[in-house]
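Novice: Structure in structure tokens, see below.
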Ligand code: HEC
């Protein structure tokens, strides 16, 4: 092969690589952008998607705490959330994020199952709990089926976070 032919081959290889990258990036944008949401941050979101739904830490960036406050209406039968509020059927939730699981309220009778879970309420754990409490702690006394919509959960978590916790959004 002479020098000219080598150059031509190199050019063709580079051109087809560029075309392949173009197609992949284009497809990636289509897949990563959820309907109705801006494309901004879509790359980061795509890194942490589970089954097509962005991770809670991604959803929290665009969460709506005012909508979360309305969803909290489903919790309010059993939980107060104001500072110094009473324990009802469930414990008061002021400052629950960042607090220990099943141990924060010393006068509240948590189930042994929740107490023995250990660890702290971070965003991921709270998301799993609110999706399906019995899946996280099978014998919990929290008789609430769960919030199936990941955005509803992110919104209510944003609202809860604003009540005494204020953990930084990751
Ligand atoms: C029917 C009553 C009921 C409803 C409705 C309910 N909960 Fe609970 N919740 C409980 C009970 C009871 C516990 C204690 C569970 C245990 O000890 O196993 C609990 C525990 C919790 C805890 C753990 C608190 C801690 O200190 O570790 C969180 C967080 C929580 N609930 C959030 C919520 C949110 C948010 C909602 C609404 C989306 C909700 N709950 C709806 C009854 C309820």
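The values are calculated or read from the model by the stated rules, or taken from the named source; none is laboratory data. No experiment lies behind these values; they were computed from the predicted model shown. Because the Cβ atoms are built from the backbone with ideal geometry, glycine has one as well, and the counts that use them run over all protein chains shown.
Novice: Within region 77-87, which residues are in a loop (DSSP other than H, G, I, E, B) and more than 8 Å from the ligand (Cβ to nearest atom)?
Specialist: So in region 77-87, the residues in a loop (DSSP other than H, G, I, E, B) come out as 77-78, 80-86.
Passing the criteria: 80, 81, 82, 83, 84, 85, 86.
Novice: Tell me yes or no: at least one residue of region 98-118 is in contact with a helix residue (DSSP H, G or I) (Cβ under 6 Å, 6 or more places away or on another chain) and in contact (Cβ under 8 Å) with a residue 60 or more places away in the chain.
Specialist: No; the residues of region 98-118 include none that is in contact with a helix residue (DSSP H, G or I) (Cβ under 6 Å, 6 or more places away or on another chain) and in contact (Cβ under 8 Å) with a residue 60 or more places away in the chain.
Novice: May I ask you to list the residues in region 88-97 that are within 7 Å of the ligand (Cβ to nearest atom) and either within 22 Å of residue 158 (Cβ to Cβ) or touching a residue at least 24 places away in the same chain (Cβ under 8 Å) (or both)? Can you show your working first?
Specialist: Just the residues of region 88-97 that are within 7 Å of the ligand (Cβ to nearest atom), to begin with: 89-91, 93, 96.
Listed by number, the residues that qualify are 90, 91, 93, 96.
Novice: Pick out the one residue from 99, 90, 119 that is touching a strand residue (DSSP E or B) at 6+ places or on another chain (Cβ under 6 Å) and at pLDDT 95 or above. Spell out the reasoning first.
Specialist: Numbers: 99 fails: touching a strand residue (DSSP E or B) at 6+ places or on another chain (Cβ under 6 Å); 119 fails: touching a strand residue (DSSP E or B) at 6+ places or on another chain (Cβ under 6 Å).
The unique qualifying residue is 90.
Novice: Would you mind stating whether residue 66 is within 10 Å of the ligand (Cβ to nearest atom) and assigned by TED's automatic domain parsing to the domain that holds residue 141?
Specialist: It is false that residue 66 is within 10 Å of the ligand (Cβ to nearest atom) and assigned by TED's automatic domain parsing to the domain that holds residue 141.
Novice: Need at least 2 residues that are near the ligand (Cβ under 8 Å from one of its atoms) and exposed (fewer than 15 other Cβ atoms within 10 Å of the Cβ) per element, so show me which helices (runs of 4 or more DSSP H) inside region 104-166 make the cut, counting only ones lying wholly within it.
Specialist: Working: elements: 112-115, 123-131, 133-136, 150-161.
Result: 112-115.
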